[in-house]
1. Would you check if there is a residue in segment 87-110 being among the hydrophobic types (A, V, I, L, M, F, W, C) and under 23 Å from residue 203 (Cα atoms)?
2. Condition check: among the hydrophobic types (A, V, I, L, M, F, W, C), surrounded by 16 or more Cβ atoms within 10 Å (Cβ to Cβ) and within 16 Å of the ligand (Cβ to nearest atom). Does residue 168 satisfy that?
3. Hey, does segment 74-95 have a residue that's of a type in the set (Ser, Thr, Tyr), more than 16 Å from the ligand (Cβ to nearest atom) and farther than 30 Å from residue 189 by Cβ?
4. Just wondering, is there one or more residues in segment 169-184 that are among the hydrophobic types (A, V, I, L, M, F, W, C) and closer than 16 Å to residue 138 by Cβ?
5. Given the criterion of a type in the set (Val, Ile, Thr), away from the ligand (no atom under 16 Å from the Cβ) and modelled with pLDDT of 95 or more, identify the matching residue among 212, 199, 142.
6. Find the residue count for segment 30-86, including only residues that are part of a helix (DSSP H, G or I), surrounded by fewer than 19 Cβ atoms within 10 Å (Cβ to Cβ) and β-branched (Val, Ile, Thr).
7. Six or more apart or on different chains, Cβ atoms under 6 Å: show the pairs whose first residue is in segment 152-176 and under 18 Å from residue 218 (Cβ atoms) and whose second is at pLDDT 95 or above and hydroxyl-bearing (Ser, Thr, Tyr).
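The values are calculated or read from the model by the stated rules, or taken from the named source; none is laboratory data. Note that the coordinates shown come from a computational prediction; the quantities given were computed from them, not determined experimentally. Note that each Cβ is placed from the backbone with ideal geometry, even for glycine, and that neighbours are counted across all protein chains shown. Note: areas computed on protein heavy atoms with side chains; ligands, DNA, RNA excluded. Shrake-Rupley method; radii C 1.70, N 1.55, O 1.52, S 1.80 Å.
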Amino acid sequence: MAQQTSLRNNLQLGIYRVIDPFVKVLIKVGLTPNAVTLIGFILNIGVAAVFIWGAEEGTRDNLNEVGWAGALILFAGLFDMLDGQVARLGNMKSVFGALFDSVLDRYSELIMFLGICYYLVANHYFLSSIFAFIALIGSMMVSYVRARAEGLGVEIKGGLMQRPERVVTIGLFALICGIASTYMGGDYKLYVPGIKYHVFETMSIFTFPITVLAVLTNLTAFRRLMDAKKALDEAENQA
Ligand SMILES: O=P(O)(O)OC[C@H](O)CO
């Protein structure tokens with residue numbers, strides 16, 4: 001766990017080193033942290049729009065829109081980091097900024113999943129759309145447990161599927177799925193002798209990680225709940 005945290009911190013510091021010159025440009029042109037947060041949110045509306053457009057205009061043998069949505073998810077995710085850095089380096093931290101960031105993060109995630117579920121339902125991946133919805137439930141609960149625990153006076157942050165991990169998982173696999181579909185076709189299906197239904201199709205590159213997310217996000221929420229219980233019990237016993 002400590003190892004996972006330090007790996008995560010080192011990775012974060014590495015990313016900051018790369019984005020800091022860009023952050024300084026944003027500060028110079030006068031962008032506030034809240035404006036950067038808003039841009040990230042608008043990009044996530046764009047993500048949903050790409051999925052919905054793909055659902056309406058695309059076909060099951062062409063998953064290009066999934067790939068484009070994935071790229072946009074990763075790009076929008078960058079703004080999650082940029083707003084915090086603009087606030088820190090530009091000396092513009094504010095309590096409202098922290099609330100605005102958290103609220104728009106939740107809206108961004110909900111809207112992104114709206115697009116994903118729309119796409120999956122429209123393309124008759126009904127079971128996968130249910131898993132996407134369960135992943136959405138888990139994602140919201142990961143954040144909610146943290147926020148509620150903070151309201152009760154304890155800081156609970158950890159877990160495997162924190163927001164950056166969720167964004168990277170969904171964005172990266174959507175992107176890979178879109179790229180793979182241009183080479184193997186969007187309607188490729190793998191059959192195994194003796195099994196009536198296909199065990200893999202191109203879309204699985206996107207839907208399988210979502211199914212894993214459905215499990216891991218809820219486990220992360222449960223783990224945060226247990227961590228919060230421990231911290232709150234300790235605080236209560238000390239009082
Ligand atoms: O990892 P989470 O779900 O607690 O998300 C962190 C938030 O985006 C901060 O609001």
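1. Yes, segment 87-110 contains a residue that is among the hydrophobic types (A, V, I, L, M, F, W, C) and under 23 Å from residue 203 (Cα atoms).
2. no
3. No - not one qualifying residue is present in segment 74-95.
4. Checking segment 169-184: at least one residue is among the hydrophobic types (A, V, I, L, M, F, W, C) and closer than 16 Å to residue 138 by Cβ.
5. Values: 199 fails: modelled with pLDDT of 95 or more; 142 fails: away from the ligand (no atom under 16 Å from the Cβ).
From the options 212, 199, 142, the qualifying one is 212.
6. Adding up the residues that qualify gives 4.
7. Pairs found: 159/220; 160/220; 161/217; 161/220; 166/139.
Let's see how each residue does on (1) under 24 Å from residue 220 (Cβ atoms); (2) hydrophobic (A, V, I, L, M, F, W, C):
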residue: 7; (1), (2): yes, yes
residue: 12; (1), (2): yes, no
residue: 28; (1), (2): no, no
residue: 34; (1), (2): no, no
residue: 39; (1), (2): no, yes
residue: 50; (1), (2): no, yes
residue: 73; (1), (2): yes, yes
residue: 80; (1), (2): yes, no
